[in-house]
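Novice: Attaching a single structure in structure tokens format; questions to follow.
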Amino acid sequence: MKRTSLAVDFCGVHFPNPFVLAAAPPTDSADMIARGFDAGWGGAVVKTLGLEHVEVNLVSPMMSGLKYEDKNLIGLENIDLISDRDIREVLGEVTDLKKRYPEQVLIVSMMASTEDEWNEIARRVEGAGADMIECSFSCPHGMPERGMGSAVGQDAGLTYERAKWVAEAVDIPVLIKLTPNVTDMRPIAQKVKEAGAAGVTAINTVKGLLGFDLDTFSPMPSVWGKSTEGGFSGPAIKPIALRFVADVARDVGIPVAGVGGVVTWRDAAEFMLAGAGIVQVCTAVMRYGYDIVEELAEGMQMFLDDKGLSSPMDLIGKGLPNLVSHEALSREYKVVASVDKDLCIGCGACVIACRDGGHQAIEFRGNAGASTDDAVTAAATPGPTGGGTAAEGTESVPDSRIPVIDDEKCIGCGFCRTICPVEGCLTMKEREQVG
Ligand SMILES: Cc1cc2nc3c(=O)[nH]c(=O)nc-3n(C[C@H](O)[C@H](O)[C@H](O)COP(=O)(O)O)c2cc1C
């Protein structure tokens, strides 16, 4: 069977597929990028380079992960800096890599300060044979203190000026990587467009403070007892990234490279529906390795076939007409919670959630008619720190532990569905379909 081509054109550049390694540790050397290309990535953004005189003094450790329940890395906080490698050496590798991998797209990320420096670094990157340039106006730590990184991307005027310097200095397409640490990215992306850059990369990391060690009172990652606010990435930031991609794609109309929290082909497809022309990945590659591109490509291919689409480009922005203002949402459409008793494991999570986070519309069948407190005592649901006596895993759930929904009380908020541990067990049905 003929397989759908995953090739895309983005900012006038042809990519074998839309999956691109983001500027980060996985792209800090030619050997690593080559392994990524061998695995199947369509492109790579070389980790951000500065000119020879820019001092890059790394700290260690520079990363800490956010755990939640049994998940090890729902987010990653880093206080890494731009690459500490010598730009001459890296640009030499860029030239070689381009010869070895003419089909894959090599984008070089860079950061500078003055007009002369931006011009110089852009011309050197172009001279090395890069297909595209990505300017980081977005690193939230370490560089803003020196007038670089997000200090630029948080200011529309500085963004315009610097994007113009670079766009006018070279002939290859220039992407400007913007920061989510702003209220609204659109006016800034508009300046990128007016400056003549080819596109926007959204987003860099979200500025955050991961947490404190409760023994030492040190923030994390702890560098000899001290830390600093850093950049948060990984699955937890996907909604933030999608929002900025959609905002810019819909209201500014400039090509967008989407990045932030992508792990699976589904995430990638969602970014394209939000308007991204290519999709970059960092934290998931660090966590699971370059080979995740196989799942991205296979899944995307099956998805396109399933939808009868002939190219990933057919997805770009296709979700945007359905993204409307709050006031434009229907008030006619009403749903109500519904439990599939054959799937229910009797854990009681929905009973607790509806009591304390909803409208007290769910109780156990065995407690129907009893006080809410009785119903919840019977639920004995595990709390956020574990414990409890949920019936999870038991062969058959006693009828008394099957939740019943009071349709009159249920306002269809949907919260119970979000916490039900069994896929498809608790769903929202249109009111007309119920009963
Ligand atoms: C350890 C680390 C280092 C990074 N270094 C850079 C960098 O040098 N330049 C850059 O533009 N972005 C850098 N990023 C940001 C990523 O390219 C990406 O925008 C961000 O992590 C969000 O994507 P993700 O959720 O897929 O990780 C870095 C991210 C991490 C985790």
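Novice: Being out of contact with any helix residue (DSSP H, G or I) (no Cβ under 9 Å at 6 or more places or on another chain) and within 16 Å of the ligand (Cβ to nearest atom) narrows it down to one residue among GLU134, GLU117; which is it?
Specialist: On inspection, the qualifying residue turns out to be GLU134.
Novice: Looking at segment 204-225, can you tell me whether even one residue there is away from the ligand (no atom under 11 Å from the Cβ), assigned to a helix (DSSP H, G or I) and open to solvent by 20 Å² or more (accessible area, probe 1.4 Å)?
Specialist: Taking every residue of segment 204-225 in turn, none turns out to be away from the ligand (no atom under 11 Å from the Cβ), assigned to a helix (DSSP H, G or I) and open to solvent by 20 Å² or more (accessible area, probe 1.4 Å).
Novice: Starting from segment 408-431, keep only residues that are closer than 13 Å to LEU343 by Cα, then list their pairs with residues that are open to solvent by 70 Å² or more (accessible area, probe 1.4 Å) and not in a loop (DSSP other than H, G, I, E, B) whose Cβ atoms are within a distance under 8 Å, requiring at least 6 positions of separation or different chains.
Specialist: LEU426/ARG417; THR427/ARG417
Novice: Open to solvent by 10 Å² or more (accessible area, probe 1.4 Å), within 16 Å of the ligand (Cβ to nearest atom), closer than 16 Å to ILE278 by Cβ and part of a helix (DSSP H, G or I) - does that describe any residue in segment 257-266?
Specialist: Checked against the condition, which is being open to solvent by 10 Å² or more (accessible area, probe 1.4 Å), within 16 Å of the ligand (Cβ to nearest atom), closer than 16 Å to ILE278 by Cβ and part of a helix (DSSP H, G or I), segment 257-266 yields at least one hit.
Novice: Given the residues ILE254, ILE188, which is the only one that is part of a loop (DSSP other than H, G, I, E, B) and on the phi < 0 side of the Ramachandran plot?
Specialist: ILE254
Novice: Next up: Consider segment 137-181. How many of its residues are away from the ligand (no atom under 16 Å from the Cβ), farther than 24 Å from PHE15 by Cα and part of a loop (DSSP other than H, G, I, E, B)?
Specialist: Residues in segment 137-181 being away from the ligand (no atom under 16 Å from the Cβ), farther than 24 Å from PHE15 by Cα and part of a loop (DSSP other than H, G, I, E, B): 2 in total.
Novice: What pairs come out if I take residues in segment 134-153 that are aromatic (Phe, Trp, Tyr) and pair them with residues that are open to solvent by 10 Å² or more (accessible area, probe 1.4 Å) and near the ligand (Cβ under 10 Å from one of its atoms) whose C-beta lies under 7 Å away, six or more apart or interchain?
Specialist: Between residues of segment 134-153 that are aromatic (Phe, Trp, Tyr) and residues that are open to solvent by 10 Å² or more (accessible area, probe 1.4 Å) and near the ligand (Cβ under 10 Å from one of its atoms), the close pairs are PHE137/LYS177.
Novice: Between a first residue in segment 165-181 that is closer than 14 Å to ASN119 by Cα and a second residue that is in a loop (DSSP other than H, G, I, E, B) and at pLDDT 95 or above, which pairs have beta carbons less than 7 Å apart while being 6 or more apart in sequence or on different chains?
Specialist: Final answer for the pair search is ALA167/ALA195; ALA167/GLY196; ALA167/ALA197; GLU168/GLY196; ILE172/ALA130; ILE172/ASP131; VAL174/ALA197; VAL174/ALA198.
Novice: Out of all the residues in segment 197-207, is one or more of a type in the set (A, V, I, L, M) and out of contact with any strand residue (DSSP E or B) (no Cβ under 9 Å at 6 or more places or on another chain)?
Specialist: Looking for residues that are of a type in the set (A, V, I, L, M) and out of contact with any strand residue (DSSP E or B) (no Cβ under 9 Å at 6 or more places or on another chain), one finds none in segment 197-207, hence no.
Novice: Sticking with this structure for a sec: Could you identify the single residue in VAL279, VAL285, VAL293 that is within 16 Å of the ligand (Cβ to nearest atom), surrounded by 13 or more Cβ atoms within 10 Å (Cβ to Cβ) and outside any helix (DSSP H, G or I)?
Specialist: Sole residue among the options that is within 16 Å of the ligand (Cβ to nearest atom), surrounded by 13 or more Cβ atoms within 10 Å (Cβ to Cβ) and outside any helix (DSSP H, G or I): VAL279.
Novice: Could you identify the single residue in LEU304, LEU309 that is away from the ligand (no atom under 12 Å from the Cβ), outside any helix (DSSP H, G or I) and aliphatic (A, V, I, L, M)?
Specialist: When all the criteria are applied, what remains is LEU309.
Novice: Looking at (1) within 30 Å of GLY12 (Cβ to Cβ); (2) assigned to a helix (DSSP H, G or I); (3) within 15 Å of the ligand (Cβ to nearest atom), which is the only condition ALA246 fails?
Specialist: (3)
Novice: Any residue in segment 13-33 that's among the aromatic types (Phe, Trp, Tyr): show its pairings with residues that are open to solvent by 20 Å² or more (accessible area, probe 1.4 Å) at Cβ separation under 7 Å, as long as the two are six or more apart or on different chains.
Specialist: That search, which allows pairs on different chains as well, returns PHE15/ALA7; PHE19/ALA297.
Novice: In segment 39-60, how many are within 11 Å of ILE87 (Cβ to Cβ) and open to solvent by 70 Å² or more (accessible area, probe 1.4 Å)?
Specialist: Counting residues in segment 39-60 that are within 11 Å of ILE87 (Cβ to Cβ) and open to solvent by 70 Å² or more (accessible area, probe 1.4 Å) gives 2.
Novice: Only one of ALA269, ALA246, ALA241, ALA236 is open to solvent by 40 Å² or more (accessible area, probe 1.4 Å) and of a type in the set (A, V, I, L, M); which?
Specialist: ALA236
The values are calculated or read from the model by the stated rules, or taken from the named source; none is laboratory data. Just so we're clear, the structure is a prediction, and the values are computed from it rather than from any experiment. Cβ sites come from the backbone with ideal geometry, for glycine too, and all protein chains shown count toward neighbours. For accessibility, only protein heavy atoms count, side chains too; no ligands or nucleic acids. Shrake-Rupley method; radii C 1.70, N 1.55, O 1.52, S 1.80 Å.
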